[in-house]
């Protein structure tokens with residue numbers, strides 16, 4: 001074999017190795033999956049508690065201001081009525097005793113009647129009452145996705161629902177929505 005033929009064989013061999021390795025790499029790239037199949041998708045939620053002011057109108061009952069604090073009117077009217085009633089009983093000193101006893105009993109009774117009336121004298125008004133309540137809500141955080149890639153099951157958390165398939169680029173999952181268009 002001459003020298004130029006030897007060079008041709010060596011160069012040809014090198015070219016075959018380069019082309020062969022390029023073909024293997026190209027074949028591998030062509031044979032890589034472009035999608036992973038989604039097996040399950042589960043929403044991941046977070047519970048958020050937000051304080052909120054809740055107000056309502058409430059009827060409030062208060063005792064009316066007392067005009068006759070010592071209940072003099074009830075005592076006086078009761079005393080006069082009791083005295084008049086007592087004077088109708090008996091005669092002589094018995095009549096005087098009955099009048100005094102009737103006046104005393106009537107004064108006490110009148111005082112107690114006025115007291116009861118004053119305690120039941122109520123003013124009603126409407127007031128706004130507010131309190132803080134915690135309102136709970138749920139916020140979607142993401143999705144836990146179970147997928148199959150080349151016969152192996154895997155899991156990933158994604159910010160969006162991928163649907164039935166997840167794109168694969170260079171053997172890796174594309175987990176962001178904008179990443180798949182690059």
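The values are calculated or read from the model by the stated rules, or taken from the named source; none is laboratory data. In this text, all values refer to a predicted model and were calculated from it rather than measured experimentally. Cβ: placed from backbone, ideal geometry, glycine included. Neighbour counts: every protein chain shown.
Looking across segment 140-152 at every residue that is part of a strand (DSSP E or B) and exposed (fewer than 12 other Cβ atoms within 10 Å of the Cβ), the one that is nearest to the chain's Cα centre (by Cα) is identified as 140. Residue 166 meets all of the listed conditions (1) over 32 Å from the mean Cα position of the chain (by Cα); (2) in contact (Cβ under 8 Å) with a residue 60 or more places away in the chain; (3) part of a loop (DSSP other than H, G, I, E, B) but one, namely (3).
Test residue 113 against the criterion of being surrounded by 14 or more Cβ atoms within 10 Å (Cβ to Cβ) and part of a strand (DSSP E or B), and give yes or no. Talk me through it step by step, then tell me what you get.
Values: surrounded by 14 or more Cβ atoms within 10 Å (Cβ to Cβ): yes; part of a strand (DSSP E or B): no.
Spelling it out, it is not the case that residue 113 is surrounded by 14 or more Cβ atoms within 10 Å (Cβ to Cβ) and part of a strand (DSSP E or B).
For segment 81-99, the set of residues classified as in contact (Cβ under 8 Å) with a residue 12 or more places away in the chain, touching a helix residue (DSSP H, G or I) at 6+ places or on another chain (Cβ under 7 Å) and either in a helix (DSSP H, G or I) or surrounded by fewer than 13 Cβ atoms within 10 Å (Cβ to Cβ) (or both) consists of 81, 82, 83, 85, 86, 87, 98, 99, listed by residue number.
Could you list all residues from segment 54-80 that are closer than 22 Å to residue 99 by Cα and part of a loop (DSSP other than H, G, I, E, B)? Correct list: 71 only.
Kindly indicate which of 60, 39, 18, 10 is at pLDDT below 95, farther than 28 Å from residue 149 by Cβ and under 41 Å from the mean Cα position of the chain (by Cα). It would help to see each step written out before you state the result.
Values: 39 fails: farther than 28 Å from residue 149 by Cβ; 18 fails: under 41 Å from the mean Cα position of the chain (by Cα); 10 fails: under 41 Å from the mean Cα position of the chain (by Cα).
Just one listed residue meets the conditions, 60.
Residue selection: residue 137 satisfies the criterion of being outside any helix (DSSP H, G or I) and either out of contact with any helix residue (DSSP H, G or I) (no Cβ under 8 Å at 6 or more places or on another chain) or surrounded by fewer than 14 Cβ atoms within 10 Å (Cβ to Cβ) (or both).
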